[in-house]
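Worksheet: the structure to be examined is printed underneath.
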Amino acid sequence: MQRYKSALFVFFVGLGISNALCAQTPGFSGLKADAVESVDSMAKLTQEIVDSLFSFSELGFQEFQTQAYLTKILADNDFDIQLGVAGIPSSWWASWGSGEPVIALGSDVDGIPRASQMPGVAYRQPMIEGAPGHGEGHNSGQAVNIVAALAVKEIMERENLPGTLILWPGIAEELLATKAWYARDGLFDDVDAVLFTHVANNMAVSWGDSRGTGLVSVEYLFDGVAAHGAGDPWKGRSALDAVELMNVGWNFRREHLHPLQRSHYVISSGGDQPNVVPSYASVWYFIREITAEGIRENFDTLQRIAEGAAMMTDTTVSRRIIGAAWPRHFNRPIALAMDENIKKVGLPTWSEDDQRFAKALQTLMGADEPTGLATDLSGIGEPLPSPVSGGSDDIGDISWNVPTVTLRYPANVGRLQGHHWSSAMAMATPIAHKGAVAGAKVVATTMLDLIQNESLLDDAVDYFEDVQTANVQYVPFIGPDDDPAIEKNAEIMALFKDRLEELYYDPSRYDTYLDQLGIEYPQFEPTVIQRNR
Ligand SMILES: [Zn+2]
């Protein structure tokens with residue numbers, strides 16, 4: 001470290017004045033000002049990545065076009081690429097540089113079923129009826145990370161700074177189905193810090209126990225005996241009966257669970273036709289709780305209920321873990337450093353059109369008084385006096401393996417519906433593009449904190465060891481034999497692949513995806529939309 005500090009000193013003396021003059025974001029100087037300027041110069045690349053992933057509209061475990069597109073950008077910029085890590089074909093691992101610190105940037109890439117939606121229009125208009133779409137905004141996070149990494153890489157090369165940059169995707173995050181597997185397979189063993197990014201409607205970082213839950217996602221598979229439903233039903237043993245009894249059992253048990261738990265299920269297979277006693281049926285549960293201990297306890301209860309249902313119906317039962325997520329805990333020193341950068345970067349400058357569009361979406365979704373896009377930072381998230389329930393993210397498992405923070409960056413409109421087409425409407429518009437650029441500035445400057453300030457990493461490790469994990473031992477919910485559910489969503493994507501391909505964004509012909517779709521942003525009234533001109 002000592003060696004580069006003196007190199008840095010020479011650099012500051014040499015370039016200090018010109019840097020001060022060209023700093024574009026107030027408050028930054030030196031290498032951070034350079035990084036911010038470099039991110040700004042890559043606004044076009046940011047927009048292309050955001051729009052491209054939006055147009056690919058890929059569901060979890062099937063993010064192959066996304067994989068090909070992103071890894072090409074990274075390979076073209078001298079990153080070493082490994083495809084298909086942790087036994088997950090659509091995953092990848094990109095690394096550049098050498099030595100410490102090892103900084104890993106992650107963000108999710110998968111979409112939402114049935115969320116296909118034309119961007120930039122303030123009314124419901126699927127691009128392809130029934131198709132997947134980016135109804136959360138996972139199309140924007142890799143743009144944040146890649147642009148930040150390229151900006152910092154350029155500085156590291158110029159200044160001869162040591163360090164290793166890693167980029168990785170959250171595959172199938174909507175199924176919470178890969179990050180525990182990455183951790184289990186040791187991908188983060190040599191990583192010093194993880195900066196994770198997630199789309200939001202403000203820009204913030206948090207530390208300590210996060211609001212929300214962790215979970216086990218598990219499918220119970222029942223086998224019975226088929227028979228003629230009218231001819232000799234007494235010879236049959238219905239797997240569907242077992243599924244229904246299991247659900248009844250769980251729904252009665254709900255009353256006696258801790259009120260902060262969340263659990264939900266879908267019947268993933270309910271038999272074939274009514275006159276054939278179902279010999280096979282399955283039900284897929286999400287079991288969420290605010291503590292790892294609570295998740296484990298409820299999972300045990302669910303298991304006994306499944307076995308009870310099998311006993312009642314003379315069927316047999318097996319189970320498969322589809323996803324797993326520990327409750328999240330984020331690193332305090334890194335979050336504090338990142339928060340300083342957030343305050344300097346601030347929120348994007350929204351145009352009049354952006355605000356009109358955001359308010360129109362909020363009105364569409366039932367807001368009486370639409371507030372539009374955030375113009376004030378929400379501030380750092382600190383541990384809550386009492387836990388709050390809600391969703392989960394499998395970044396939790398990584399946060400218990402390596403000091404981790406999540407940057408929430410302002411690329412979507414607030415007060416819309418989650419996991420819904422409304423949350424796709426802004427995700428290939430200037431709102432998403434500007435939000436991703438702002439996020440990239442925060443990630444890049446925080447990477448420089450980690451690279452330049454050796455004590456930050458020491459503090460992060462101290463917090464991780466002496467505070468976060470002092471009384472909690474990470475024991476994953478998955479075992480060595482739980483395979484990732486890589487076949488999920490394959491059938492849906494096969495169904496829509498050809499039609500989606502026709503709508504892929506072509507940056508060589510169109511400035512933006514909105515241009516390609518013939519949309520005059522912001523569009524408030526339906527007109528004839530020319531798709532794929
Ligand atoms: Zn997400």
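The values are calculated or read from the model by the stated rules, or taken from the named source; none is laboratory data. It should be emphasised that the depicted structure is a prediction, and the values quoted were computed from it without experimental measurement. Positions of Cβ are generated from backbone atoms using ideal geometry, with glycine treated the same way; all protein chains shown enter the neighbour counts. Accessible surface is based on the protein model in full, side chains and every heavy atom, while ligands, DNA and RNA are left aside. Shrake-Rupley method; radii C 1.70, N 1.55, O 1.52, S 1.80 Å.
Any idea what angle helix 64-76 forms with the longest principal axis of the chain, computed on alpha-carbon atoms, 0 to 90 degrees, nearest 10?
Rounded to the nearest ten degrees, it is 20.
Between the stretch 405-428 and the stretch 462-500, what is the separation of their alpha carbon centroids in Å?
22 Å
Taking only protein heavy atoms and a 1.4 Å probe, what accessible area per residue, in Å², does the chain have with all protein chains in place? Mind showing how you got there, number by number?
Details: 21790 Å² over 533 residues.
In whole numbers, the chain has 41 Å² accessible per residue.
Taking amide H atoms as placed 1.01 Å from N in the peptide plane, list the residues 5 or more away in sequence, or in a different chain, whose amide H sits under 5 Å from that of Arg262.
Counting only residues 5 or more places away or on other chains, the set is Arg288, Glu289.
Is the stretch 389-471 rounded, prolate or oblate when judged by the Cα gyration tensor, a ≥ b ≥ c being the square roots of its eigenvalues, rounded requiring a/c under 1.5 and prolate requiring a/b larger than b/c? Don't skip to the answer; put the middle values down first.
On the way: a/c = 4.19, a/b = 1.58, b/c = 2.65.
In terms of gyration-tensor shape, oblate.
Looking at the chain, what % of its DSSP beta bridges pair antiparallel, to the nearest 5?
65 percent
What order, most packed first, do the peptides 371-383, 65-77 have when packing is the mean number of other Cβ atoms within 10 Å of each residue? Don't skip to the answer; put the middle values down first.
Numbers: 371-383: 15.6, 65-77: 17.5.
Answer by packing, highest mean first, reads 65-77, 371-383.
So what's the convex hull volume per residue for the Cα atoms of the chain, in Å³?
Working: hull volume 85.4 nm³, N = 533.
Here the figure is 160 Å³ per residue.
Say each of His419 and Arg499 gets a label point 7 Å from the Cα, pointing the same way as Cα to Cβ; how far apart are those two points in nm?
With each label point 7 Å from Cα toward Cβ, the separation is 2.3 nm.
Which entries in the list Lys72/Lys434; Lys72/Lys441; Lys72/Lys343; Lys72/Lys488 go over 31 Å, if you measure between the two C-alpha atoms of each?
Values: Lys72/Lys434 23 Å; Lys72/Lys441 23 Å; Lys72/Lys343 33 Å; Lys72/Lys488 25 Å.
Long pairs (Cα-Cα over 31 Å): Lys72/Lys343.
In debye, nearest 20: dipole of the chain around its Cα centre with unit charges on the Cβ of K, R (+) and D, E (-)?
Roughly 780 debye, rounded to the nearest 20.
Treating only the Cβ of Lys, Arg, Asp and Glu as charged (+1, +1, -1, -1), what charge dipole size does the stretch 311-372 show about its Cα centre? Round to the nearest 20 debye.
Details: 8 positive and 8 negative charges, 89 e Å.
With Lys and Arg at +1 and Asp and Glu at -1, about 420 debye.
To the nearest 10 Å², what's Lys235's accessible area with a 1.4 Å probe?
Per-residue accessible area (Lys235): approximately 130 Å².
What order do you get for 363-369, 87-93 when each peptide is scored by the mean count of other beta carbon atoms within 10 Å, highest first? Write out the running numbers ahead of the final one.
Values: 363-369: 11.7, 87-93: 20.6.
The packing order, highest mean first, is 87-93, 363-369.
Would you pull out the residues with amide H under 5 Å of Leu59's amide H, same chain only if 5 or more places away, H placed 1.01 Å from N?
Gly111
Find the Cα radius of gyration of the stretch 349-426, compare it with 2.2 N^0.38 Å by division, and give the number to two decimals.
Values: Rg = 15.6 Å, N = 78, 2.2 N^0.38 = 11.5 Å.
Compared with the compact-globule rule of thumb, the stretch 349-426 sits at 1.36.
Taking the alpha-carbon distance from Lys359 and a cut-off under 12 Å, which aspartates and glutamates remain once sequence neighbours fewer than 8 residues away in the same chain are dropped?
Those aspartates and glutamates meeting the cut-off are Asp368, Glu369.
Just to confirm my numbers, what's the Cα centroid distance between the stretch 28-69 and the stretch 253-325 in Å?
Cα centroid of the stretch 28-69 versus Cα centroid of the stretch 253-325: 39 Å apart.
What part of the accessible area of the stretch 38-80, given as a whole %, is carbon or sulfur when the probe is 1.4 angstrom? If you can, show how the numbers build up before the last one.
Details: 670 of 1320 Å².
That fraction is 51 percent.
Kindly rank 135-143, 254-262 from highest to lowest mean number of other beta carbons found within 10 Å of each residue.
Working: 135-143: 29.1, 254-262: 12.1.
Peptide ranking by packing, descending: 135-143, 254-262.
Only Cα pairs under 8 Å and at least 6 apart count here; give the relative contact order of the chain as a rounded whole percent.
Details: 1197 pairs, mean separation 124.1, N = 533.
Reported as a whole number, the value is 23 percent.
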